[in-house]
Every structure is written in structure tokens, then in C-alpha cells.
Amino acid sequence: MLRSLHMKLVMIMVLLILSLMTVVGAFLINSVVAFYLNDFYTQIGTVVSDRDLYRDLTQETAAELAGEVTGVEMLEQVLGAYAGELGVNGSNRNFYILDETGVYLAGTDDEYGARLEYTENLLAVIKDRSMVGDESSVAADYMDVAIPIDRGDGQYIIYIRDNRDTVDELNNQLFILIMQALVFGLVISVLLSFLLSKTMVTPIQRLTDGAERVAGGDFSDKIEVTSRDEIGVLTNTFNDMAQQLQDTIQQVENERNKLDTLFLHMTDGVVAFSSEGAVIHSNPAAAEMLRTTIDENTRYQDLFGQVAELGSVLSAPDYLEGERAEGDRYLELLLAPFDRENQAGALVVLHDVTAQRRNEEMRREFVANVSHELRTPLTNIRSYAETLSENAGEMPPNTEKKFLSVILNESDRMTHIVQDLLTLSRFDSGHSELKLGRFSFTGAINDLYNAVYMEAQKHDHTVELKLEPGLPEILADRERVLQVMMNIVSNSIKYTPNGGHIEISAGRTPDRVWMEVSDNGIGIPKEDRARIFERFYRVDKARSRESGGTGLGLSIAKEIIDRHQGVLTTVDKDEPGLTVRMELKIEGPGHE
């Protein structure tokens, strides 16, 4: 209660009034006493300095000389005559006639005179008759003056004393008046302080309520400005601050939502740890890459302790790199501290580099395969050419013709390899564009059948054609599609033993046409079927080279069909051989 600003203002006003009235009362009381003291000594001094009084007090009269009256009696008569002027009233102020030693002789108050107190002024005159004792302090409860008088018959001391009852009575009345004023002043000050504090505290309470609402996240209400004083300015400033704070929090919230969305959907994994190793934040990609559950109980040491110690990461000047294999995946790790000065925690970014590793491996394998594929015909060409050069004119014509035929065949083989590589290069660079046009899918398959029939007859193969009636025209690159069809059927002819059976079938779905080529040849093991569309991949490399294959035909076919947004795949079957299925959109690529 006493800690409230309202009560503090009330107490300040009360203490202010108390202090003010105390100072004023003390000043008034001291001023009254000082006034009476000054008035007392001024009055006595004025009367005593009168020449007639002084003459009457110091000169002997004829009656004294005649022995009719004594000096004491004469002094008493003179002082009695001047009693009014001296203010002597016989009650509060009296005069006393003393001998030179201070013994009471006569006066207006015989009772007090018999037990007269030797004050400082009286003692000073007894000690030194050349001076007048007229000093008194404000704190004393009396006022007095001692005057030495020399008459013919002896030495006397006129002592006038005032007991200050009048001053005390006036001070009492003044004190009562001050206390009454104090009471009224306190009542008025309390009322005014309540009004003042109410005027000041009410807007402050509004500010406090508004601050509590803002602290609780409620920025909907503005505080009403009821004045133009400093509190009104403060209220306006608070409203502006609350609005800016709301805008800032909204911006921070938007940025946080962006970051949360980014973390949630980014392909790289992100895990943040505190300086104690506890998980602060992680995204789903990190858990999926690490193939584990990440929650508040997960520790840094459990996930990445084998890569780098947390202390090393927190004290790292930049960042640390690491790798981790997770099953068939390769993860690249970047470990960096955030807030390096305070070492508040560490951030780990996980990047899946499996595809890059595989691409690098495929690139190395591709270069090795190209080198090998080109080296073999070059070696054969060089060998036969050297033999012809060394035995020029000595070899039988049939042998020379055979050697030259081999050189021509190997040259054609190199040409095919280079052409296939150029085709794939154009596909990879995006410079090979499709020449789309409408053509009969049935007509294309019939042209294919007629083109491979003679080649199949050489191997005693039986080629069976099964087409659904009414196949539509399709929008595609006819030359490229025929290239794919020819490649699929040629592979069936090559890799089917003589006397085999090859079936070409075709049909349609609501928005696609399809063609399947099935044979009863050597087939491909299930574990290798997924890789037959890779470049230079062969199940049996020696046999493939004997048949003249480069290992690029199915790769080119797959690129062509992918550019048509179609499907080229193998079909599982129980009987021996291989079935390859091709699907194309009727309305061409880009049509849903």
C-alpha cells in the first residue's frame, strides 16, 4: 500500500505541510520572544535614560537630608512614580531595590524579593558597578535588567524583572493557532494530494495496464490521451512505441515463418544445438538423412560426436567440414558456431552428396569406357594397317581385302561411337530439339517391322506383329521415335539365339500409346535391369562387343523418350527373355 505512487504523493504532501508548519511555528514563536525582549530592553532603556528620572534616582532630596525619609524610601517613591512608564504592574513585571551586595531592601514583590535569584545581569553589576546588566537569552524564562545607582547615603541596585508570563501566554495561543492551522492544512493537503495523485496516477495506471497488455502480446487497444502535459506526451510516445513494436514483432514473425518454411522444406538438413549439446531446432530433412528421430532428448554427441567434438566446433574460427556415410548415402557436414563471442551453440548443415558421388563415379567410368571403346578399334586398325604396310605387295589379294574390310568395320564402329557420344552431348547440353509433328503410330510400327524383317530372317528369328486396331496419330518426333523402336528391336535380334521368337505389340490407354518388344533370348538378370539404360553399361561386355554394340543405344533411347515425357522400362516376366515397354503421350510432351 505504502509503495503505491498514490500514497507516496499523499505522504509527501503531509510531510511538506508538517515541515512547513513546524518551521513557520518555530519562526513565529522565536520572533515573538525576540520582539518582547527587544521591547522590554528598549522600554527600560528609554525610561532610565530620562534625565529627570536619573536625577531623582541619584540626587538626595531635602527630606533625605533632613532625615525625614531614607534613600530606599525615596527610591521606592521615584520608581513607583515611573512604574507605568517602566511597565511595572506588580504581577508579571516588578522592580526591586537592592544594596550593593544584592540584598533585597524594598520593591513591589516582597515575597520574591526575600528569595531573589542572582541572575547573570545582577551578578555582573555586583561585580562591576560601572556597567548595566541588560542581557538576556531567548531561551530564558524571564527578562531582567540591573542598574547601579549611587546616592549620597549609599550605593544601590535597581533590579527590574519580568517573568514573561505574557510572552508564554501569547506563545501558547500562537501554538494553539498553529496546531489548528496544521490540522486544517493537513486535511486540505490530504484532499488536494488525493486529487493531485488521482490526476497523476490515473494516466500512469492506464500506461501500466497498456504496458501489461503489450507485454502479453495484445496490441489491439491504444491508450486514450487525456492531457497535453508530459504524461500526455508520454502516452502518445507509448502508443507509437507499441505500434512500432507490433510492426517489428510482425516482421520478425514473418521472417521466422519464412525461416521455418525454409527449414521445413529445404532439401539440406539443419540441426542447431545449444552450448550444452541439446537440440534447439531441426528440420525433417535432417531426420530423414540421418534415418533417426531427432527430439529434445537427442544430444550432439549421439549424432555428430564421431565427426568433431562440440567444443572444437564452438571454438572454431570459421567452420569445420566432415563426412558421414549413412547406409547407401554420403552426407557432407558443415559444422559452425553461431554467436562465436558467447559460444551460444553450434549449427550443423547436412548435404546429401550421394548423387554427386555417383555422378563422379559414373563420369570416371564413362571416361574409362570411352577410352576403352575407342582404344579397341584403334588398336585393331593400327595392327592391321601395320601388317599391310610391312607386307605391302607380298600378301595375297584376298588377305589384303580381308584386312582392309576389318579396318573399315573398325572405322565404322568408331564413327558410331563418336556419333552416339555427340548425340548424348547434345541431349545433355539441351541443344537437341525435338521436331514434333503428327504421324500414324501404326504406320511407324509397320515401317519398323519391314526394316528389321530381313535382319531377323538372317538369324532365323520369327517376328510376330500384334497391333490393336484404330491406333491414333500422335504428336512426336517421328525420326527419333523410330530410332528408339529400331534400337529396342535390334537388341532383341542381337541377344536372342538363332531361331528365336520376337513379338512386337502395340495399343493405347486413354491418353497414351504403347509398344512392347518381347523376346525369348538370353534376357537380363533382375539385379541388372535397372541399369541397362546407363551409359556404356553391359551385362556381358565381351559378348556385347562381339555383337558390335557400344553400350550407348539404350541410353540414347531413354533420353529421347524422357524428352517426349514418355516411359521406357523393362517388364518383369516369368519366361526367359526380355520385354521392353515404351509409352508416349498422344498429344505430345507438355500435354497433361
- Item | Selection from the range 271-309 of residues that are closer than 14 Å to Ala344 by Cβ, open to solvent by 20 Å² or more (accessible area, probe 1.4 Å) and not in a strand (DSSP E or B) | Ser275, Glu276
- Any residue at all in the range 324-337 that is more than 30 Å from Asp268 (Cα to Cα), open to solvent by less than 50 Å² (accessible area, probe 1.4 Å) and modelled with pLDDT of 80 or more? no
- Could you tell me which of the residues Asn163, Asn171 is closer than 30 Å to Leu98 by Cα, of a type outside the set (Phe, Trp, Tyr) and open to solvent by less than 80 Å² (accessible area, probe 1.4 Å)? Asn163
- Item | Whichever residue in the range 129-160 is touching a residue at least 60 places away in the same chain (Cβ under 8 Å) and among the charged types (D, E, K, R) and, among such residues, is surrounded by the most Cβ atoms within 10 Å (Cβ to Cβ) | Asp134
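Please determine whether any residue of the range 23-40 is under 60 Å from the mean Cα position of the chain (by Cα), part of a helix (DSSP H, G or I), under 30 Å from Phe194 (Cβ atoms) and at pLDDT below 85.
Yes.
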- Task: Would you mind finding the one in Ile126, Ile176 that is of a type in the set (Val, Ile, Thr), open to solvent by 20 Å² or more (accessible area, probe 1.4 Å), in contact (Cβ under 8 Å) with a residue 24 or more places away in the chain and not in a strand (DSSP E or B)?
- Result: Ile126
- Set Thr237, Thr267, Thr199, Thr226: member being farther than 22 Å from Met7 by Cα, open to solvent by 70 Å² or more (accessible area, probe 1.4 Å), assigned to a helix (DSSP H, G or I) and hydroxyl-bearing (Ser, Thr, Tyr): Thr237
- Determine whether the range 91-113 contains at least one residue that is of a type in the set (Val, Ile, Thr), within 21 Å of Asn38 (Cβ to Cβ) and not in a strand (DSSP E or B). no
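The values are calculated or read from the model by the stated rules, or taken from the named source; none is laboratory data. The model shown is predicted, which means the values in this text are computed figures rather than measured ones. Methodologically, a virtual Cβ is constructed for each residue, glycine included, from the backbone with ideal geometry; neighbour enumeration extends over all protein chains shown. To get the accessible areas, we keep the full protein, side chains included, count just its heavy atoms, and leave off ligands, DNA and RNA. Shrake-Rupley method; radii C 1.70, N 1.55, O 1.52, S 1.80 Å.
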